[in-house]
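Chemist: Just dropping this structure here.
The values are calculated or read from the model by the stated rules, or taken from the named source; none is laboratory data. Since this is a predicted model, take the numbers as computed values, not measurements. In this analysis, Cβ positions are derived from the backbone assuming ideal geometry, glycine residues included, and neighbour counts consider all displayed protein chains.
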Amino acid sequence: MPKKKNPEPKPVLSDTALELIALRFRALSEPMRLKLLNLLMQQEHTVGQLVEASGSGQANVSKHLAVLRESGMIGMRKEGLSTWCYIADPVVNELCEMMCRRLREEMEAKARALAFDPKI
C-alpha cells in the first residue's frame, strides 16, 4: 500500500495577520452587514437605497457600512450628493457563495434524514 503523502504545512500566521483575519470575520458576524453585502452583491447602491432596501435607519446602516469599509470588503465613492457603495473585494462574493452552498448541503442532508419513510 502506498504511503500517504503529508500535505505541505501551512505557514504560521503572525499576530498581525490573525488580527486582520479576525477583523474580516467580525465584519461578517452581524446579520445586518450580511444583508447589506447581499444587496451590494446584486449591484451598486447609494447609501439611501441601502437604507430603504434594508428597512433600517440611516445611522444604523452608516455604522454597518463603516465596519464593512474598514474591513476592506466594500468601497464608496461620491457622485454629486450621493455616496455609492460597491463590493471592493471579490472574495466576499466567493466566501458568501461557499457558505450558502455549504448550508444548503447541510439542510438537504437534514431534510433527507427527517424524510418520512412509509416502509417503516
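Chemist: Name the single residue, out of those in segment 81-111 being touching a residue at least 40 places away in the same chain (Cβ under 8 Å) and assigned to a strand (DSSP E or B), that is farthest from the chain's Cα centre (by Cα).
Modeler: Across segment 81-111, the extreme among qualifying residues is Trp84.
Chemist: Kindly check whether there is at least one residue in segment 31-54 that is outside any helix (DSSP H, G or I) and of a type in the set (Gly, Ala, Ser).
Modeler: No: zero hits.
Chemist: Moving to a separate point now. Of the residues Gly55, Gly75, Gly48, which single one is exposed (fewer than 11 other Cβ atoms within 10 Å of the Cβ) and modelled with pLDDT of 95 or more?
Modeler: Gly55
Chemist: So which of Lys10, Lys63, Lys78 ends up being in a helix (DSSP H, G or I) and out of contact with any Gly (no Cβ under 8 Å at 6 or more places or on another chain)?
Modeler: Result: Lys63 is the single residue among Lys10, Lys63, Lys78 that is in a helix (DSSP H, G or I) and out of contact with any Gly (no Cβ under 8 Å at 6 or more places or on another chain).
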